[in-house]
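These notes concern the structure reproduced below.
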Amino acid sequence: MKTNAFLVSTLLSLSGLLAGCEKGTPTPVTPGAANSSTTDVEASCAAQGWASQGGVTNGGGTATPTVVSTYDQLKAAITNSAVKVVQVNGTITIPSGGRVSFQDQSNKTLFGSAGAKLVSADQTQAGSGIIYVKRCSNIVIRNLVFEGPGAYDVDGWDNATIDACTRVWIDHCEFRDGVDGNLDFKNTADFITVSWTKFAYLKAPRAGGPGGSNDHRFSNLIGSSDDATADRGKLSITFARCWWSQGCVARMPRVRFGKVHVVNNVFSSSVSTSGVMAGFEANLLIQNNVFENMNRPIDLMANNSTAVQATGNIFTSTTGNTAGNGKTAFTPPYTLSVLSASSVKAAVTASTGAGATIAGNTCASSGI
């Protein structure tokens, strides 16, 4: 009886210890997998502007995010078409030559939690760039900083390129210090909205590149060539409540062919040589923006654009052309809440204004 009592007492004590261990041990989470305690599934809104045309642009909607915090996890999630929402946590460094290829997918969101960054330090022609998005549709990219190593004219890669995609919404992001550019669009890309996004060059440009420009801080190119005539009728893009800030020299944006609505933005780079650039067959509506300390805020270039209409803009301490070409631009097929120019600077430069300034995948500050 003493032996049995001892065994019972021992077993009861052991079971209590095991129960205590089970209660105190957290459930393991697979790295990169969805984790309900850290994921953000709030956003369910759809894009306005040109990205509202041709269908709804809402990315992966409210699908549970796959959380990534390393390069390998990021690449795996982006290239997996079954993953519909990717959440970036922390800073992820893109290795040399590791530019992420995001191709042939639809209905997907890539967003950052507060402070998330994708960073590249490679200035070589082949190894530069962060992400290349090609032949995709219904894509949302939100609340991410894309940071390159600085401008260097080697015909390298942009921080991000949108190639032959339709219905893309880039919202509350920051693109800075790209090697060739910050964010470019080409090859019949269409129905795109860029909202509440900041462009900057914070690092000194590297001189001596074979391209010939010692200061290639050229932010945004729309249309790759005058000969790319397949772009006619495409490249419909809205830039709304964005900020081209210090360090940008030109291409804010530079447009070929496209119907581009530049509305309620701030341009404030004192090193600029050109702001909005009207290239071959460009059709530009430049509406209720603020230009400060800019040289040639509106660059008519070779005067071979289709139409450049500038209306309601504010120019402060600028030099060079501020007018359109006397031709009426397209009429947008959508409705936006257009701010008066006097209200634009305060909205765009606010704490939740242009840039990766929101808490994650939220619609709260994304309306235009």
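The values are calculated or read from the model by the stated rules, or taken from the named source; none is laboratory data. Predicted, not measured: the structure shown is a model, and the values here were computed from it. Every residue, glycine as well, gets a Cβ built from its backbone with ideal geometry; the counts of neighbours run over all protein chains shown.
Going by the structure shown, is Asp171 out of contact with any helix residue (DSSP H, G or I) (no Cβ under 9 Å at 6 or more places or on another chain), touching a residue at least 40 places away in the same chain (Cβ under 8 Å) and more than 28 Å from Val290 (Cβ to Cβ)? Can you show your working first?
Numbers: out of contact with any helix residue (DSSP H, G or I) (no Cβ under 9 Å at 6 or more places or on another chain): yes; touching a residue at least 40 places away in the same chain (Cβ under 8 Å): yes; more than 28 Å from Val290 (Cβ to Cβ): no.
Answer is no for this residue.
From the list Ala189, Ala207, Ala151, Ala230, which residue is touching a Ser or Thr at 6+ places or on another chain (Cβ under 6 Å) and at pLDDT 95 or above? Steps first, answer last, please.
Details: Ala189 fails: touching a Ser or Thr at 6+ places or on another chain (Cβ under 6 Å); Ala207 fails: touching a Ser or Thr at 6+ places or on another chain (Cβ under 6 Å); Ala151 fails: touching a Ser or Thr at 6+ places or on another chain (Cβ under 6 Å).
After applying the criteria, what remains is Ala230.
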- request: Can you tell me which residue among Ser96, Ser128, Ser120 is buried (at least 22 other Cβ atoms within 10 Å of the Cβ), in contact with an Asp or Glu (Cβ under 6 Å, 6 or more places away or on another chain) and farther than 24 Å from Thr238 by Cβ?
  value: Ser128
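Can you find, within the stretch 53-93, the residue that is nearest to Ile237 (Cα to Cα) among those that are in contact (Cβ under 8 Å) with a residue 60 or more places away in the chain and of a type outside the set (Gly, Ala, Ser)?
Going through the stretch 53-93, the residues in contact (Cβ under 8 Å) with a residue 60 or more places away in the chain turn out to be 53-60, 65, 85, 87.
In the following step, the residues that additionally are of a type outside the set (Gly, Ala, Ser) were identified as 53, 56-58, 65, 85, 87.
Working: Gln53: 11, Val56: 15, Thr57: 13, Asn58: 16, Pro65: 27, Val85: 23, Gln87: 25 Å.
Checked the stretch 53-93; the qualifying residue nearest to Ile237 (Cα to Cα) is Gln53.
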- prompt: Would you pick out the residues in the stretch 114-133 that are more than 12 Å from Ile78 (Cβ to Cβ) and touching a strand residue (DSSP E or B) at 6+ places or on another chain (Cβ under 6 Å)?
  reply: Ala116, Lys117, Val119, Ser120, Gln123
- line: Checked pairs for the stretch 301-329, first free of Cβ contacts under 8 Å to residues at least 60 places away in the same chain and part of a loop (DSSP other than H, G, I, E, B), second charged (D, E, K, R) and crowded, with 18+ Cβ neighbours inside 10 Å, C-beta under 6 Å and 6 or more apart or across chains, list as Thr306/Glu281; Gly320/Arg296; Asn321/Arg296
message: Can you tell me which of (1) touching a helix residue (DSSP H, G or I) at 6+ places or on another chain (Cβ under 8 Å); (2) touching a residue at least 40 places away in the same chain (Cβ under 8 Å); (3) under 23 Å from Thr188 (Cα atoms); (4) assigned to a loop (DSSP other than H, G, I, E, B) is the one Phe280 doesn't meet?
response: (1)
The one condition in (1) under 24 Å from Cys45 (Cα atoms); (2) in contact with a Gly (Cβ under 7 Å, 6 or more places away or on another chain) that Val133 fails to fulfil: (2)
field: From the options Asp153, Asp158, residue that is closer than 26 Å to His216 by Cα and either surrounded by fewer than 24 Cβ atoms within 10 Å (Cβ to Cβ) or of a type in the set (A, V, I, L, M) (or both)
entry: Asp153
query: For the stretch 330-351, what are the residues that are assigned to a loop (DSSP other than H, G, I, E, B) and of a type outside the set (A, V, I, L, M, F, W, C)?
result: Thr331, Pro332, Pro333, Tyr334, Thr335, Ser337, Ser340, Thr349, Ser351
- line: Within the stretch 191-238, residues being surrounded by fewer than 24 Cβ atoms within 10 Å (Cβ to Cβ) and either of a type in the set (Gly, Ala, Ser) or in contact with a Leu (Cβ under 7 Å, 6 or more places away or on another chain) (or both) number 13
- request: Pick out the one residue from Gly150, Gly209, Gly156 that is farther than 27 Å from Asn58 by Cα, touching a Pro at 6+ places or on another chain (Cβ under 8 Å), small (Gly, Ala, Ser) and not in a strand (DSSP E or B).
  value: Gly150
query: Which of the following residues is under 19 Å from Gly115 (Cβ atoms), out of contact with any Asp or Glu (no Cβ under 9 Å at 6 or more places or on another chain) and at pLDDT 95 or above: Ala354, Ala350, Ala341, Ala329?
result: Ala350
